[in-house]
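The values are calculated or read from the model by the stated rules, or taken from the named source; none is laboratory data. Everything numeric in this text was worked out from a predicted model, so none of it was measured. Because the Cβ atoms are built from the backbone with ideal geometry, glycine has one as well, and the counts that use them run over all protein chains shown.
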């Protein structure tokens, strides 16, 4: 846990400690989740989460996952899935920035998760080197474990929402434009998700497909 805490500080340097060692150790003692991936002796990815209840389901909430090596993050998510299933849990949840295209592609198209909540400025204004100066808007993801999603067609009423090409680079070169993207996506997404719309896939790896509540029952 000490090594994982230090690893998270390397990933999100410049900000508050993502998972303090003492808190992580205490939660692990009562059944939380922690895993790490290594390349030789070097930790290259890590994940920490805790159990909870969401929507009447027993879930693992994956609070922090970070990776410095391609493929390691996916391996940890597969480990999470197997761990949650072995524990008899119903689903895995986590939050992520809706403006980061690669994370949206990974969560929706590769893992098959569904987003059903928009959480504006969830953690307050960020100070770490990746997110500094930006609001911490998050999508809340739900990844079914007990009953994985089956393939479905996209609703003809789906709303298409464009995402910036590289929000992390844009924060460093034009913060005002980055904040404009944040406001624009928030104003489009939040009212829809508040009304029960969901996101379960991307279009062309660059746009979110937001589907009406009638699609929810087929997931």
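Structure notes:
- Among the conditions (1) in contact with a helix residue (DSSP H, G or I) (Cβ under 8 Å, 6 or more places away or on another chain); (2) farther than 28 Å from residue 181 by Cβ, the only one that residue 31 does not satisfy is (1).
- The residues in region 97-111 that are within 12 Å of the chain's Cα centre (by Cα) and either in a loop (DSSP other than H, G, I, E, B) or within 19 Å of residue 37 (Cβ to Cβ) (or both) can be counted, and the count is 9.
- Hey, residue 26 within 27 Å of residue 124 (Cβ to Cβ) and at pLDDT 95 or above or not: yes
- Residues that are farther than 17 Å from residue 33 by Cβ, in contact (Cβ under 8 Å) with a residue 40 or more places away in the chain, in contact with a helix residue (DSSP H, G or I) (Cβ under 8 Å, 6 or more places away or on another chain) and not in a loop (DSSP other than H, G, I, E, B) do occur in region 118-131.
- Members of region 31-51 that are more than 17 Å from the chain's Cα centre (by Cα) and under 20 Å from residue 94 (Cα atoms): 31, 32, 36, 37
- Residue check, residue 8 surrounded by 15 or more Cβ atoms within 10 Å (Cβ to Cβ) and assigned to a helix (DSSP H, G or I): yes
- Matching residues in region 182-200 - criterion: being touching a helix residue (DSSP H, G or I) at 6+ places or on another chain (Cβ under 9 Å) and surrounded by fewer than 19 Cβ atoms within 10 Å (Cβ to Cβ): 195, 196
- Filter pass, residue 108 being touching a strand residue (DSSP E or B) at 6+ places or on another chain (Cβ under 7 Å) and in contact (Cβ under 8 Å) with a residue 60 or more places away in the chain: yes
- Flag for residue 75 being out of contact with any helix residue (DSSP H, G or I) (no Cβ under 8 Å at 6 or more places or on another chain), free of Cβ contacts under 8 Å to residues at least 24 places away in the same chain and under 28 Å from residue 147 (Cβ atoms): no
- Some residue of region 148-157 being crowded, with 19+ Cβ neighbours inside 10 Å and at pLDDT 90 or above: no
- When every residue of region 84-91 is checked against the conditions, at least one turns out to be in contact with a strand residue (DSSP E or B) (Cβ under 8 Å, 6 or more places away or on another chain) and either modelled with pLDDT under 95 or in a helix (DSSP H, G or I) (or both).
- Residue check: residue 29 meets all listed conditions (1) more than 24 Å from residue 113 (Cα to Cα); (2) in contact with a strand residue (DSSP E or B) (Cβ under 6 Å, 6 or more places away or on another chain) but one, namely (2).
- Qualifying residue in region 52-67 (condition: surrounded by 16 or more Cβ atoms within 10 Å (Cβ to Cβ), assigned to a loop (DSSP other than H, G, I, E, B) and on the phi < 0 side of the Ramachandran plot): no
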